[in-house]
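Structure first, then comments.
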Amino acid sequence: MPVDSGEAALVAELQLGSEVAFRTLVARYQGRVYRTALSLLRSPEEAEDVAQEVFVEVYQTISRFRGEASLTTWLYRLATSRSLKTRRKAHAKKRFAYFTSLLGFDNDILHEPPDHAHPQALLEGRQQLQLLLDHIARLPDQQQVAFTLRHEQALSYDEIAAVLTTTVPAVESLLFRARQTLRKHVQPHFRHV
Amino acid sequence: MSDSSFRTSPDEEWADLMRQLQDQPQAQPRPFFYNRVTAQLSSRATAHRRGLPVWMLRPAYAALLGVIMLALSGDASALRVAPDVPSESSADFGQPQTPSPH
């Protein structure tokens with residue numbers, strides 16, 4: 001992503017320790033960071049935690065920011081990597097709970113956490129959208145990030161490539177495979193069939 | 001009259017689904033998000049000033065550390081089975097009996 005002058009000025013002020021600049025940064029990017037985390041985690045609480053951690057990390061490490069990537073790219077990168085980390089931890093916890101339950105230990109973690117079904121899908125009864133969201137969550141990490149950034153955050157291929165530190169053809173390939181998988185699972189539920 | 005005119009192709013259905021995905025309402029974090037971020041920053045700064053790593057602020061880790069400290073401090077030695085220390089009488093057992101000078 002190209003670094004605009006406003007962004008560069010904001011980074012310079014942040015590196016000087018300006019609180020006003022930090023407040024501006026949070027106000028400007030909190031929505032994008034939160035929505036990216038929410039798209040990957042589908043849990044408002046976890047997305048909020050990830051968004052907070054992203055801004056804390058930015059505050060603590062901005063002095064080391066050299067501008068190889070744009071600030072926006074860096075924020076998306078932090079948001080996606082932290083979200084995936086959170087998800088991996090949750091899965092590991094679930095696996096551990098399952099394992100201990102096999103051994104006969106009582107384990108509260110085994111109880112399924114509340115299913116945070118997407119509000120719009122619930123509200124309008126759009127089962128197809130909910131089905132799609134369920135299958136997006138099952139995609140491999142890289143495919144999921146690419147698909148989410150493209151179709152939910154409306155990032156360009158170049159921007160996604162910068163976030164994933166890869167090339168545009170690699171992003172095209174990730175998206176192609178993600179769409180193929182998703183269509184295979186969602187298509188049988190279309191009305192015309 | 002056939003209802004085929006109302007039917008859509010899989011490609012159109014897919015495109016429609018993608019539109020729905022993109023047209024979702026723009027979610028936002030709860031109000032006063034900035035305040036929560038700064039609160040977290042200051043709590044981490046306090047922990048740093050105290051010289052405590054952040055993980056130590058978690059009660060489970062702190063409790064575990066306490067148990068380890070207790071175990072290492074030697075208070076747990078009472079729980080250990082005492083080794084067979086030979087008694088005074090048995091210590092003499094097998095020793096050649098030397099005649100008393102008196």
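Peptide A:26-39 has a mean of 3 when you count, residue by residue, the C-beta atoms of other protein chains within 10 Å of its C-beta. When Rg and Dmax are taken over the Cα atoms of region A:1-87, they come to 12.6, 36 Å.
Site pair A:Q127 and A:F96 shows an inter-label distance of 3.7 nm when each label is modelled 7 Å from Cα along Cα→Cβ. Net length available on complete extension from A:R88 to A:K184 is 32.0 nm, with 0.36 nm assigned per residue and the Cα-Cα distance removed. Peptide A:15-25 has a mean shielding of 1, counted as Cβ atoms of other protein chains within 10 Å of each residue's Cβ. Each label point was placed 7 Å from the Cα along the Cα-to-Cβ direction; for A:S173 and B:A39 their separation is 4.6 nm.
Taken one residue at a time, the phi angles of region B:66-72 give Karplus couplings (6.51, -1.76, 1.60, θ = phi - 60°) of x, 4, 5, 4, 4, 5, 7 Hz. Gly and Pro are set to x.
Sites listed here are trypsin sites (Lys or Arg not before Pro) in region A:130-190 whose DSSP assignment is loop and whose Cβ has at most 16 other Cβ atoms within 10 Å: A:R138. Using the Karplus relation 6.51 cos²θ - 1.76 cosθ + 1.60 with θ = phi - 60°, the per-residue 3J(HN,Hα) values for region B:20-36 come to 4, 5, 6, 8, 4, x, 6, 5, 10, x, 4, x, 6, 4, 4, 4, 5 Hz, with x marking Gly and Pro. Of the trypsin sites (Lys or Arg not before Pro) found in region A:1-86, those that fall in a DSSP loop while having at most 13 other beta-carbon atoms within 10 Å are A:R66.
Here, each number is a calculation from the coordinates, and none is a lab measurement. Keep in mind it's a predicted model, so treat the numbers as computed, not measured. For neighbour counting, all protein chains shown are included, and Cβ atoms are generated from backbone atoms with ideal geometry for every residue, glycine included.
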